[in-house]
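Below is one structure, written out as structure tokens, with a few remarks after it.
Nothing in this text is a laboratory measurement; each read-out follows from the coordinates by a stated rule. Only a predicted model underlies this, so the values are computations on that prediction, with no experimental measurement involved. Glycine also receives a Cβ, built like all others from the backbone with ideal geometry; neighbour counts cover every protein chain displayed.
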Amino acid sequence: MGEYKAPAPYTEERRRFLNRLSLALSALGGVIVGVPFIGSLLEPILHSNPTAWRAVGKLDVFQIGQTVEVTFLNADPLAWTGVSAKTGAWLRRDDATSFTAFSIYCQHLGCPVRWNQQEQIFLCPCHGGVYYANGKVAGGPPPRGLQKYPVRVHKGQVEVLATGVPYTY
Amino acid sequence: MDGLRRAWAAFDDRVGVSAVFLPIIKHPVPPTAGAISWAYVFGSATLVSFIVAVISGIPLAAQYIPSTGQAYQSIEWINTRAIFGYQIRAIHYFSANAMMIMIGIHMFRVFLMGSYKYPREVNWILGVILLFLTAGIVFTGQILRWDQVGVYTVMITVFQGVRTPWIGNWVGDLLLGGNTITGVTVSRFYALHVFILPGLLFAVIGFHLYMVLHAGISEPPKSGRPVDPKSYRVWYHNMLKRDGVPFWPDAAWRDVSFGIAVLLGITILAITVGAPPLAGPPNPADIHVIPRPDWYFLWYFAALALTPPSMENVVMLAAPLGLIVGLLFLPIWANKGERSPARRPWAMITVLCSGLMIFSLTLTGALAPWSPNFNATPLPTKIIGATSGAVFRGGMLFHTAGCEDCHSVGGYGGLRGPDLTNVGGRLTSADMIIRIMNGGENMPSFARILSASELNDLVAFLQSRTVYTKYALGQTHTTAPPPSGKQGTSRWLTWNTASHTATLTLIAGYTNAISGFNFNGFGQGQMVISVPVGYHVSVNFSNQGALPHSAEITPSADKSLPSNFPLAFPGAASINPASGIVKGQTANFSFVANKAGSYALVCGVPGHAAAGMWDILKVTAGGQPSLVMPSH
């Protein structure tokens, strides 16, 4: 095997430059990969959230004074969301034309509340939160009353506005 | 054989097994003897659990569909149709449990032996990072079951996350993948659980193991031999040179033995207990779910439940932050001095208090006494001690007005509020009226729910709750003259003509008649129940059928509606009649039959009444209650 013909060694100044060049190029690579990567993971806070009116039943099906659970689809469900695209609300007919729709999510930590017709209260199974029929806190840890969805009557159908989970503080 | 030996020698020469790998596994470690030697096995036991979790996770990842709409069905398929599917789910679950247990013991062992001190501070910090990565991967694993509990686990996490100041809504949106449960919610948790967290775990575990090799495994501590950063390294190196034994096999055999024991434990539990059951399809609109974390997080669930509401944000946000900072900074402010626990009383107290706290909070979390009891059944007459009069009516009200959800009498009821078995000896009537009318911090006011006579009956009942009531059971109470009403009993209907009360037992899907669309075995109007007008009817409704069913009273003319039946009397329906209750559940309700006429008892789930699930309720002007079924 003969002599290995070595090229002239680099000066320290050249080494310093090459060091910085390599680091800078790596940083550039990081940015090129990183921006779409981080952006894609942060996508849920970058996109806008639509709302949609959802029909929950014919007007004459609902009795005045009765509170029933209605289910409806979220505003913009993807085709593969399946049964998880449903949201529930407790709907009460107040009089001939007006309704109140309460979100089923307890305002303490989001467990679904149950309406008790006999006692006229909403009970939460998680930490004992209780709400009166008007949604105000009756006892327990919830910091505020049940949140409401806008309701309207449109062409004989009762419609609830699907707005997403009401956790905005 | 000679050819094999030469082939191996060539491979070894090229790869460096003898030159590099063997010296690593035979690196010198401090010799130990006796019980203390076994203290060192828990790190490798955690790693063994992790490896079993990864290996069992791979077939699951190959069969699970990470789509919000199909994850649940894919797990049902894995459970029932995939060969070894159910067993692999069980192994995956128990290896995750083992990892949580082993990492806890390992952390306590390192802390108690002061092994986090110089020069092993960085390894402690890496271990804390591994602790939180492990908690994260185990938590996301429960979510990926994507059953009803999984959906609400995400929801509850979101409601906690949004309490973060300034960026709360972003935290919520990032967890959900939007502003509500969306198609990408499960996919994001899948990417976390299968790619991001395992990747980080592999990297940090690698770094952690490198640090064990670089700094050397700590020797057992000794009282009177504190760590001095100036001289420790030299002392340790000399000690190893003089007394060190090769890790493999002198110490490694214990790691292997204990690791195999952990593997056996995981396998035996997987075979005998099985995979965690699915709680039902992930429908956020189903209000019957009772969300709970898996057992290793029950202590945190209990801590949150017991925190006073005014301090909640502090506990939810500041406490975990404080814990993380405290753990990470431990080796910064305590990196030298005595290592032996006998000389470190604060370390002992910390371990003792943490252990007691986690243990007692876990027990409390399992009992969950702050949750109302939705399965409370009406008080039996032997507890009420009366069969008519104010005390009897009050005893019935104790159930129907909802008191029993949160309070107990004689062992029946909920644990949320104080036990009322002997409340008559504690509070006067005036005290009781004030409390019932005004409510309390955790109790609603019943001012608009109870009428004046109902309030009197309830107070009469509560006043009769004293230690002396127990000795008076079987006698009619003296607050009202003994009634002479006729009693009726049958399997399905009992009544009392003096108090105008009747109790009806309804079992949906009792037989397979009419394909299960029957009450007590009869539908299509075959069963006729009669009560005189004015009777208070309590219905003990339960479901034994395969499908969800409900029960409600509707005007006779409306029984052919497809759904959304109008109620004939207030309260005359089981909870959420359009969805119903599932097999094994009970949903009692009661009403007053205050108008004579002919009514239908129907199942409110859409289509069921039309399929034949209806019977007849007649409210008569007088006479006695009756229940007639066709004779077989």
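Laid out as a table, the results:
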{"read-out": "Beta bridges by DSSP in chain B, antiparallel share as percent, to the nearest 5", "value": "70 percent"}
{"read-out": "Relative contact order %, segment B:39-367, counting alpha carbon pairs below 8 Å whose residues are six or more apart", "value": "31 percent"}
{"read-out": "At 1.567 mPa s and 4 °C, Stokes diffusion of segment B:554-618 via Kirkwood alpha-carbon radius, µm² per second", "value": "107 µm²/s"}
{"read-out": "About the Cα centre, charge dipole magnitude for segment B:1-152 (Lys/Arg +1, Asp/Glu -1 at Cβ), debye", "value": "200 debye"}
{"read-out": "Centroid-to-centroid separation of segment B:424-444 and segment B:91-161 [C-alpha atoms, Å]", "value": "45 Å"}
{"read-out": "Spatial separation of Cα centroids for segment A:7-73 and segment B:263-309, in angstrom", "value": "30 Å"}
{"read-out": "Kirkwood-based shape ratio for the protein assembly as shown, expressed as Rg/Rh from alpha carbons", "value": "1.07"}
{"read-out": "For segment B:381-472, convex hull of alpha carbons as volume per residue, Å³", "value": "85 Å³"}
{"read-out": "Rounded to 5, the percent of DSSP beta bridges in the protein assembly as shown classed as antiparallel", "value": "85 percent"}
{"read-out": "Cα centroid separation, segment B:182-236 to segment B:363-400 (Å)", "value": "53 Å"}
{"read-out": "Volume per residue that the Cα convex hull of segment B:394-433 spans, once the total is divided by residue count, Å³", "value": "70 Å³"}
{"read-out": "Prolate/oblate/rounded call for segment B:72-156, Cα gyration tensor, a/c under 1.5 rounded", "value": "prolate"}
{"read-out": "Helical mean residue ellipticity (222 nm; -39500 (n - 2.57) per DSSP H run of 4+; nearest 500) of the protein assembly as shown", "value": "-12500 deg cm²/dmol"}
{"read-out": "Shape category assigned to segment A:54-133 from the gyration tensor of Cα positions, a/c cut at 1.5", "value": "oblate"}
{"read-out": "Fewest-first ranking of B:Ile358, B:Ile55, B:Ile24, B:Ile156, using other Cβ atoms within 10 Å as the exposure measure", "value": "B:Ile24, B:Ile55, B:Ile358, B:Ile156"}
{"read-out": "Loop GluC sites (Glu not before Pro), segment A:1-93 (other Cβ atoms within 10 Å of the site Cβ: 14 or fewer; DSSP)", "value": "A:Glu3"}
{"read-out": "Intensity falloff of chain A expressed as log10 I(q)/I(0), Debye formula with alpha-carbon point scatterers, at q = 0.09 Å⁻¹", "value": "-0.48"}
{"read-out": "In segment B:39-144, the chymotrypsin sites (Phe, Trp or Tyr not before Pro) that fall in loop regions by DSSP, at most 16 other Cβ within 10 Å", "value": "B:Phe84"}
{"read-out": "Cysteines, the protein assembly as shown, no other Cys beta-carbon under 4.7 Å", "value": "B:Cys353, B:Cys403, B:Cys406, B:Cys603"}
{"read-out": "Neighbour-limited loop hits for trypsin sites (Lys or Arg not before Pro), segment B:388-476 (at most 16 other Cβ within 10 Å; DSSP other than H, G, I, E, B)", "value": "B:Arg426, B:Arg448"}
{"read-out": "Residue pairs, from the table A:Lys136/B:Lys583; B:Lys382/B:Lys583; A:Lys58/A:Lys86; A:Lys148/B:Lys583; B:Lys117/B:Lys241; A:Lys136/B:Lys559, whose Cα atoms sit over 26 Å apart", "value": "A:Lys136/B:Lys583; B:Lys382/B:Lys583; A:Lys148/B:Lys583; A:Lys136/B:Lys559"}
{"read-out": "Total charge dipole magnitude, segment A:52-162, about the Cα centre, Cβ charges on Lys, Arg, Asp, Glu only, Debye to nearest 20", "value": "120 debye"}
{"read-out": "Stokes-Einstein D (µm²/s) once Rh is taken as the Kirkwood radius of segment B:105-252 over alpha-carbon pairs, at 4 °C in 1.567 mPa s", "value": "70 µm²/s"}
{"read-out": "DSSP loop trypsin sites (Lys or Arg not before Pro) with at most 15 other Cβ within 10 Å: longest gap in chain A", "value": "A:6-135"}
{"read-out": "Rg(Cα) / (2.2 N^0.38 Å) computed for segment B:189-342, rounded to two decimals", "value": "1.53"}
{"read-out": "Shape call, segment B:489-628: gyration tensor on alpha carbons, a/c limit 1.5", "value": "prolate"}
{"read-out": "Charged-residue dipole, Cβ positions (Lys, Arg, Asp, Glu), the protein assembly as shown about Cα centre, Debye nearest 20", "value": "1220 debye"}
{"read-out": "Semi-axis lengths (Å, descending) of the ellipsoid that matches the C-alpha gyration tensor of chain B", "value": "63, 31, 21"}
{"read-out": "Sequence of B:Val531, B:Val110 once ranked by neighbouring C-beta atoms within 10 Å, starting from the fewest", "value": "B:Val110, B:Val531"}
